[in-house]
Amino acid sequence: MKRIFITLFFLLPFFQIAAQNYTPTAANLEARKWFEDAKFGLFIHWGVYSVLGDGEWVMNKQNISIDEYEKLPSFFNPVAFDATEWVSMAKRAGMKYITITSRHHDGFSMFDSKVTDYTIINKTPYKKDVLKELSLACEKEGIKLFFYYSLLDWHDDNYFPRGRTGNGIPGRSSSGDWDKYIAFMKAQLTELLTSYGEIGGIWFDGHWDKKTANWHYDEIYELIHDLQPNCLIGNNHHEGVKPGEDFQMFEKDLPGHSKHSFATKSEDIGDLPKEVCETINGSWGFNLKDRKHKSDKELIQYLVKAAGYGSNLLLNVGPMPNGKIQPEHVAALKQVGDWIKTNGKTIYGTEAGPFKPTEQLAATQKGKQLFIHVLDENANVIFIPGFDLPVRSVRFFKTGAKATNQINSFGMLIDIPENEKTPVDTIIEITLK
Ligand code: GLC
């Protein structure tokens with residue numbers, strides 16, 4: 001063991017050079033810590049696609065031509081949009097940050113960009129910068145704002161050579177200048193990081209469209225960290241963390257699970273702060289007919305399980321074209337908020353517990369306090385295999401009553417009497433010696 005450690009110690013400088021000399025600043029490390037403690041954020045997918053009520057991939061899904069799609073902004077007039085209302089909703093839900101799409105794969109900028117005219121200001125009757133309004137409301141309410149930014153663009157000629165998606169969209173260019181596209185992205189990122197106050201992070205997406213392209217991440221990441229050193233960079237590339245990134249994200253999957261073909265492989269999971277993103281129904285962008293809304297119980301248990309992996313949950317809403325968030329989702333967020341109000345101590349500021357979450361159990365930990373979340377309402381007794389930590393006390397979180405337990409050479413048994421069973425999550429607080 002000692003020898004491995006010494007070898008690793010000598011290899012360390014090599015890894016640091018390989019990481020393009022990216023040394024996070026003290027402010028960045030602090031921001032990472034804040035992020036890890038925050039545990040819960042609101043994802044917002046909003047764009048002119050919401051007009052069609054068929055998700056954010058509608059341009060690709062329905063093969064809408066460039067010319068046809070360019071008509072959409074003229075119908076986008078979200079007169080009922082109220083940034084303060086969105087931020088209050090997030091706050092009430094117990095969320096600590098908001099990540100909103102600044103430009104999605106359709107290439108439409110939802111902010112006042114000066115380096116393209118394909119923007120909310122120039123092309124919609126609304127003409128207002130919704131990101132600006134949101135940034136002001138967030139600042140006022142103490143909510144951090146992150147920007148989602150698509151690397152992939154189905155609209156811009158210079159996104160060339162094209163990738164594997166959007167090839168059925170009529171009217172896409174058959175030539176383009178990749179270097180100009182990279183310069184365009186840098187210019188937009190500069191705008192996003194200089195006109196909207198302090199930005200919590202940039203959330204990249206779309207890498208998978210052209211896995212082997214030269215995205216110039218070294219320059220892009222450096223630019224971001226130069227402009228705002230504590231701005232956290234994450235990239236939804238579904239691969240191992242790349243130099244310059246500050247957190248790792250998991251799309252629609254708990255870390256290490258492979259529910260989807262694009263799941264990040266277990267061996268690619270690193271030590272950076274983690275974030276799982278998930279939808280309330282099955283869609284990111286507003287989808288009128290998506291009725292598969294997850295139950296309050298499913299949402300809360302997903303948050304708990306993510307925390308059990310030491311990960312944040314970024315839970316999504318897709319606002320409607322009028323600027324309102326669909327009532328089912330507002331109601332769901334309120335329920336999650338009610339739950340976290342009483343149980344937040346077992347989530348915020350915690351780390352992953354000593355065992356991996358299962359369908360029945362998850363564990364979070366803060367110093368000597370260990371929180372066992374029993375997710376199976378019918379469990380009369382739980383068993384934690386291999387548990388051998390020195391225990392001072394075992395109590396039910398809700399009532400403070402002592403829990404009958406036994407530790408033997410196989411693990412720990414805890415009895416759950418009927419009157420302590422709590423719907424959704426029975427929490428047991430173990431204080432270690
Ligand atoms: C996928 C989708 C995209 C969505 C993202 C959110 O990458 O392409 O539409 O924004 O997931 O995780």
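When you look at ASP253, is it touching a Ser or Thr at 6+ places or on another chain (Cβ under 8 Å), over 21 Å from LYS39 (Cα atoms) and within 16 Å of the ligand (Cβ to nearest atom), yes or no? Here the answer is no, as ASP253 does not meet what is asked. Considering each of ASN287, ASN343 in turn, give the residue that is away from the ligand (no atom under 16 Å from the Cβ) and in the same structural domain as PRO125 (by TED's automatic domain parsing). ASN343 is the lone residue from the list that is away from the ligand (no atom under 16 Å from the Cβ) and in the same structural domain as PRO125 (by TED's automatic domain parsing).
Looking across region 97-119, the residues that are more than 30 Å from ASP37 (Cα to Cα), without any contact (Cβ under 8 Å) to a residue 60 or more places away in the chain and not hydroxyl-bearing (Ser, Thr, Tyr) come down to ASP106, GLY107, ASP117. Applying the criterion of at least 2 residues that are within 16 Å of the ligand (Cβ to nearest atom) to the helices (runs of 4 or more DSSP H) found wholly in region 24-140 leaves 58-61.
Residues in region 296-329 that are open to solvent by less than 50 Å² (accessible area, probe 1.4 Å) and more than 17 Å from ILE347 (Cβ to Cβ): 10 in all.
Can you tell me which residues in region 291-304 are free of Cβ contacts under 8 Å to residues at least 12 places away in the same chain and outside any helix (DSSP H, G or I)?
Scanning region 291-304 gives ARG291, LYS292, SER295.
Please determine whether any residue of region 173-188 is touching a helix residue (DSSP H, G or I) at 6+ places or on another chain (Cβ under 6 Å) and touching a residue at least 60 places away in the same chain (Cβ under 8 Å). No, the conditions are met nowhere in region 173-188.
Scanning region 223-266 for residues that are assigned to a helix (DSSP H, G or I) and loosely packed, with under 14 Cβ neighbours inside 10 Å gives ASP226, SER266. The set of residues from region 409-424 being of a type in the set (S, T, N, Q) and open to solvent by 60 Å² or more (accessible area, probe 1.4 Å) comprises SER409, ASN419.
Can you work out which of the residues in region 94-127 that are touching a helix residue (DSSP H, G or I) at 6+ places or on another chain (Cβ under 7 Å) and acidic (Asp, Glu) is surrounded by the most Cβ atoms within 10 Å (Cβ to Cβ)? Within region 94-127, the match that is surrounded by the most Cβ atoms within 10 Å (Cβ to Cβ) is ASP106.
The values are calculated or read from the model by the stated rules, or taken from the named source; none is laboratory data. The model shown is predicted, which means the values in this text are computed figures rather than measured ones. In this analysis, Cβ positions are derived from the backbone assuming ideal geometry, glycine residues included, and neighbour counts consider all displayed protein chains. All accessible areas refer to the heavy atoms of the entire protein, side chains included, with ligands and DNA or RNA removed. Shrake-Rupley method; radii C 1.70, N 1.55, O 1.52, S 1.80 Å.
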